[in-house]
Amino acid sequence: MVRGFLLDLDGTVYDGGQPIPGAPEAIVRLKQMGYALRFVTNTTSRDRAALVDKLNGMGVTVTVNDIFAPPYAAARYLRKEQASAMLLLTESARQEFGDVPTGGDRPDTVVVGDMGEQWTFAAFNRAFRALMDGAGLIALGMSRYWRTADGKLSLDTGPFVAALQFASGVEPIVLGKPALPFFEMARLDLGLEPDEIAMVGDDIEGDVGGAQRAGMTGILVRTGKFREADLRGEVRPDMILDSLAELPAAVATGSPPSPPTLGGAE
Ligand SMILES: [Mg+2]
């Protein structure tokens, strides 16, 4: 029985700066229907406060506690381990790491997220040298690419982590979709069992495949980075929707409280 949803943001709730038509209304409706919600994103270019501002600007009322993102998960992990970290992140994403020591050129850990246009050889090489000196590697996601507002595909975090791993031989700990530890941390944040959770997203592997391997229901939306070829791969979504806007009606047809089409694949 599905009691809560993990909702992807980029390509699912909004595309670039624009909300997916009907998505903000669908989120409001799901809340009214009593479902627990968390926004689970691999976005590492912004901190949670910036994401909250963006969502509130689209008419989706949320607080930072509604958002589960890799920088937050990594900062929590580093505090627990009392580890210093070199942060290859945008200024905005660094906000989550306020009290985590940097460790200069000899950090305990190198944390790699999406730096977009800010990637430089110097930053890359500094991280490489730290890894060769024994630092661990945390990847804030391993997504290969994403679709920008102008419709073009753009490199995400994964290729940069892979390059550092290739050069140094250091295996990354991945704290982002589709890694199991990240889904498990999000599940605990939601306070539900895996079979009570459905993940909704536009990434057949990162969202749907990752959720299914964590024991959750995986719902694919045909927005964002979705391409028809995604349906010919190994991952089989439990449900496919044209967009997030369709979700309240899809779950309502079987309500209350859980439609047979959801979670019926086990
Ligand atoms: Mg997405």
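With no solvent and one equal point scatterer per Cα, compute the Debye intensity ratio I(q)/I(0) for segment 2-82 at 0.12, 0.13, 0.17 Å⁻¹ and report its log10, rounded to two decimals.
-0.35, -0.41, -0.67
Could you compute the net charge surrounding residue 106? Neighbours are other residues with a C-beta less than 10 Å from the C-beta of residue 106; K and R count +1, D and E count -1. Present the calculation step by step, with values, prior to reporting the outcome.
Working: positive: 129; negative: 105, 108, 133.
So the environment of residue 106 carries a net charge of -2.
Could you grab the relative contact order for the chain? Cα pairs under 8 Å, six or more apart, rounded to a whole percent. Please list the in-between numbers first.
Values: 538 pairs, mean separation 56.7, N = 266.
Worked out over the chain, it gives 21 percent.
May I ask you to compute the full-extension gain from residue 150 to residue 120, defined as 0.36 nm times their residue separation minus their alpha-carbon distance, rounded to one decimal in nm? Kindly include the intermediate steps, with their values, before the conclusion.
Working: separation 30, 0.36 × 30 = 10.80 nm, distance 2.35 nm.
Value of the extension gain: 8.5 nm.
Based on the alpha-carbon gyration tensor of segment 149-193 and its eigenvalue square roots a ≥ b ≥ c, which shape applies: rounded if a/c is under 1.5, prolate if not and a/b is larger than b/c, or oblate?
On the way: a/c = 5.17, a/b = 1.34, b/c = 3.86.
Since a/c reaches 1.5 but b/c is at least a/b, the shape of segment 149-193 is classed as oblate.
Quick check on segment 57-151: take the gyration tensor over C-alpha atoms, sort the square-rooted eigenvalues as a ≥ b ≥ c, and tell me if it's rounded (a/c under 1.5), prolate or oblate.
Values: a/c = 2.38, a/b = 1.36, b/c = 1.75.
Judged from the Cα gyration tensor, segment 57-151 comes out oblate (a/c at least 1.5, b/c at or above a/b).
For residue 1 and residue 173, compute 0.36 nm times the residue count separating them, minus their Cα-Cα distance, and round to one decimal in nm. The partial results should precede the final answer.
Details: separation 172, 0.36 × 172 = 61.92 nm, distance 3.15 nm.
Here the segment from residue 1 to residue 173 would lengthen by 58.8 nm.
Pull up the DSSP beta bridges for the chain and report the antiparallel fraction as a percent, rounded to 5.
Working: 5 of 34 bridges.
If we restrict to bridges inside the chain, about 15 percent are antiparallel.
What's the local net charge at residue 248, with K and R +1, D and E -1, over the other residues with C-beta under 12 Å away? Spell out each step's value before the answer.
Details: positive: 29, 31; negative: 25, 246.
With Lys, Arg at +1 and Asp, Glu at -1, the net is 0.
By how many degrees, between 0 and 90 and to the nearest 10, does the Cα long axis of helix 158-168 differ from the longest principal axis of the chain?
30
Identify the residues of segment 96-117 with backbone N under 15 Å of a label point that sits 7 angstrom from the Cα of residue 163 along the Cα-to-Cβ direction, or state none.
Taking a point 7 Å out along Cα→Cβ of residue 163, the residues of segment 96-117 whose backbone N falls under 15 Å are 112-117.
In whole angstrom, and with the biggest value first, how far do the Cα coordinates of segment 187-249 range along each principal axis?
For segment 187-249, the Cα spread along each principal axis is 33, 27, 16 Å.
Which FRET efficiency, nearest 0.05, do residue 222 and residue 91 yield, Cβ-Cβ r, R0 35 Å?
On the way: r = 34 Å, r/R0 = 0.97.
After rounding to 0.05, the efficiency reads 0.55.
Helix 23-32 sits at what angle to the longest principal axis of the chain, using alpha carbons and giving 0 to 90 degrees rounded to 10?
For 23-32 against the chain, the angle is about 70 degrees.
Just report the Cα centroid separation between segment 28-63 and segment 167-184, whole Å.
Distance between centres, Cα-based: 24 Å.
Please work out the FRET efficiency for the pair residue 64 and residue 18, using the Cβ-Cβ distance as r and a Förster radius of 22 Å; give the result to the nearest 0.05. Numbers along the way, then the final one.
On the way: r = 23 Å, r/R0 = 1.03.
So the FRET efficiency works out to roughly 0.45.
If amide hydrogens are placed 1.01 Å from N in the peptide plane, which non-local residues have theirs closer than 5 Å to the one on residue 241?
Those qualifying (amide H under 5 Å, at least 5 residues apart or on another chain) are 220, 221, 222.
Over all directions, what mean area does the Cα convex hull of the chain project, stated in square nanometres? Intermediate values should be presented prior to the final figure.
Details: hull surface 53.9 nm².
The number I arrive at for the chain is 13.5 nm².
Rule-based calculations on the coordinates, nothing more; no lab input. Quick caveat, the model's predicted, so the values are computed rather than measured. Note that we place each Cβ from the backbone using ideal geometry, even for glycine, and neighbour counts take in every protein chain shown.
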